[in-house]
Structure formats: C-alpha cells, structure tokens
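Undergrad: Please find one structure pasted underneath; my questions will follow.
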Amino acid sequence: MLDMNLMVALDALLTENSVTAAAARLHTSPPAMSRSLARLRRLLGDPLLVRAGRDMVPTRRALELRGEVHDVMRRARMVFEPSPTSDPAHTVRVFDLRMSDIFSMSVTAQLITDVRAQAPGITLRLRPEGSDDTGMRDGLIDLDVGILGRHDPEVHSEPLFTETLVGVVRPEHPLARKAKVTVRQFAAADHVGVSRRGRRRGPIDDRLDELGLTRDVVAVVPTYAASLFLARATDVVCIAPARAGRDTVTALGLHTFELPLSLPTPTIGMAWHPRNDSDRTHQWLRDRIRRVIAPGRP
C-alpha cells in the first residue's frame, strides 16, 4: 500500500540531499527522517543517498526519481488547494435557478447586473417554478428562490424575508375607490386565483368560510404575472405579494389595497441541495442573492 508520508519524505530527501535538512523541512526529527530513509531504501532496493565526505549525494536511481516524485507531490498538493474555478471572476458556468414568475420579474434584472459586474463568465438560467425537490436531487436546479415550502429533509434552506399579501385591482375597479375595503366587499367581488395545479380554493376561502362568506373565483391562472395582467384588463381582484410584486404592479398601473383578512405571511428564501453547500462559487452566488433580495441582512 502506498504511504503518502513516505512520498513526502522521499521528496524532501531528494530535494535537500540531507537527512538533517529534510527533517527540518518537514518539521520532524533527524532520527525519524533516518528511519524513513531506511524504509525507502528497502522498498526501492537502492540506497538513494550515499555518503561523500561530509555530504550526501544522490544515486543515479535517486536522480531518475527526483523530477517524477516532485511532480507527484505537486499534483497531490493541488488536490487540497482551492480550485482556480472557485474564483467567480474567472469562472465559466451556468447556474439553474428556479424562481416564481413574479419574483423573477422583480429581482432578475438587478441580480444579473450584480453578477455580471463581478463574474462575466456566469450565466443565470431561470427555470419555471416547481412543487418538489426532484430537480435539486437530480442536479437540474442549483438554487430554488421563492416561497419556502416543504422540502426533503436533506435540502438546505435559508429564509430571506417575510412577505405580505395585498389585493390588486385596476384603478377603475369599484374597490379602488374605497378608503378601506371591508371583508364583505372583498368577498362580493369577482376573483382570479393563482395555482399551478388549477385549484380554485386556498387559504383565503378557508378564512372566508370561518366568517360565513364565500367568493366567486371566475378564473384560475398558473402564475401571478398572468393574474396581474388579467386584473389590468378586467374587473377582477387578484392577490399578489406586496414586496416581490411591487415593480410589476407599478409598471402595470394597478391599485393595491390591504386585505381585510388575517392570512399566513409567506417566508421568501432560498433552498439548495447539500451537494452544493461547500461549492465556493455556489456560496458566492447565494451571497449575491442575499445582497440583492435582502440588502442589509448578514
């Protein structure tokens, strides 16, 4: 079996041509280095270093081995040194990010600008929002950014901020003229639901049930962006995250109002598979996302 300690000792002996100097190089004692030299002589069947007056000189076999051993040790040390590709400035890599549409619309431009300024070789590829961890397990998704839900036990996650939901309507909608929307006015309006699975009911309906009220969901769309465009064109109420949707709501000229219901506040965060936890470039990207999405957060 190869003993790497002997390889280290051989490299030092062939470099220094001295047991004492090799021992000092490796911060060990001369007797210990002498024992290593004795083992190497037995294993290689060659004296390696022989006495010449007060000095020691390498044998022909030692001279043949010197360059090869030094190269082996150089490559072995590289295994424990940071990879040159861990420097984002010189990395050429594609990161697959899974992100909700409304969230990607609000942060992608700033994130791309931030990343490109420091790592021009990194490309961000946005994937459609999913409902499970299969993509992360299979290595298809590097980072999941959005509302933190249930993940497999091994998946790492980090909260970034707590979101607030608001009602959104076009300026011409009757509710836009209300100083404060009541729960009955809210329930009486036509609504558009957001569900990737086409579900008509959600936490809002459960809360209305407790109050003895119901709402009429006239359409169900798969994304927040689709619901906002529908709200701009028709008299429907849609629900959107206040912070993540602010830029889109403003760009579309829509009106927001405080919901007259007490609803769970979703947590926005990021999740990743443990295979990426120690990846230095992945760590760097997570830090950039923190700075863009939650500035001021350590």
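The values are calculated or read from the model by the stated rules, or taken from the named source; none is laboratory data. Because the structure is predicted, anything quoted here is derived from the model rather than measured. Note: ideal-geometry Cβ built from the backbone for every residue, glycine included; neighbour counts use all protein chains shown. These area figures cover heavy atoms from the full protein model, side chains too; ligands, DNA and RNA do not enter into them. Shrake-Rupley method; radii C 1.70, N 1.55, O 1.52, S 1.80 Å.
Undergrad: How would you order 165-177, 271-283, 47-59 from highest to lowest mean count of nearby Cβ atoms within 10 Å?
TA: 165-177, 271-283, 47-59
Undergrad: For the chain, take the longest principal axis of its alpha carbons; what is the angle in degrees between that and the long axis of helix 60-79, to the nearest 10 within 0 to 90?
TA: Compared with the principal axis, the helix lies near 20 degrees.
Undergrad: With a cut-off of 8 Å between alpha carbons and a minimum separation of six or more residues, what is the relative contact order of the chain in percent?
TA: Reported relative contact order: 21 percent.
Undergrad: Would you calculate the volume per residue, in Å³, of the smallest convex hull containing every Cα atom of the chain?
TA: Per-residue hull volume (Cα only) is 183 Å³.
Undergrad: Tell me, what is the percent relative contact order of the stretch 84-216, built from C-alpha pairs under 8 Å that lie six or more residues apart?
TA: It rounds to 20 percent for the stretch 84-216.
Undergrad: Quick one: if the Förster radius is 22 Å, what FRET efficiency do ARG137 and ASP279 give, using the C-beta to C-beta distance and rounding to 0.05?
TA: That gives a FRET efficiency of 0.90.
Undergrad: Which of the three applies to the stretch 206-271, rounded, prolate or oblate, going by the alpha-carbon gyration tensor with a ≥ b ≥ c and a/c under 1.5 meaning rounded?
TA: Note, shape of the stretch 206-271 comes out oblate.
Undergrad: For the stretch 1-76, with every protein chain kept in place, what is the accessible area per residue (1.4 Å probe, Å²)?
TA: 63
Undergrad: OK, next. How far apart, in nm, are the 7 Å Cα→Cβ label points at GLU158 and ALA251?
TA: A separation of 2.7 nm, rounded to one decimal place.
Undergrad: On average over all directions, what projected area in square nanometres does the stretch 78-217 have, based on the convex hull of its Cα atoms?
TA: Convex hull of Cα atoms, orientation-averaged projection: 12.7 nm².
Undergrad: Further, regarding this structure: Rounded to the nearest 500 deg cm²/dmol, what is the calculated helix-only ellipticity per residue at 222 nm for the chain, with -39500 (n - 2.57) per DSSP H run of length n ≥ 4?
TA: -12500 deg cm²/dmol
Undergrad: Which value, in Å², gives the accessible area per residue of the stretch 200-279 when a 1.4 Å probe is used on the protein heavy atoms?
TA: 49
Undergrad: If you don't mind, another one. Suppose we take every Cα in the stretch 156-283 and form the convex hull; what volume per residue is that in Å³?
TA: Dividing the Cα hull volume of the stretch 156-283 by its residue count gives 124 Å³.
Undergrad: Kindly give the semi-axes, whole Å and largest first, of the ellipsoid equivalent to the stretch 12-153, taking each as the square root of 5 times a Cα gyration tensor eigenvalue.
TA: The three semi-axes for the stretch 12-153 are 58, 17, 13 Å.
Undergrad: Further question on the same structure: Express the carbon and sulfur contribution to the solvent-accessible surface of the chain as a percent, rounded to the nearest whole number, probe 1.4 angstrom.
TA: Carbon and sulfur: 52 percent of the exposed surface of the chain.
Undergrad: Using the basic label-point model (7 angstrom from Cα toward the beta carbon), what is the ARG116 to ARG61 distance in nanometres?
TA: Between ARG116 and ARG61, the label points sit 6.2 nm apart.
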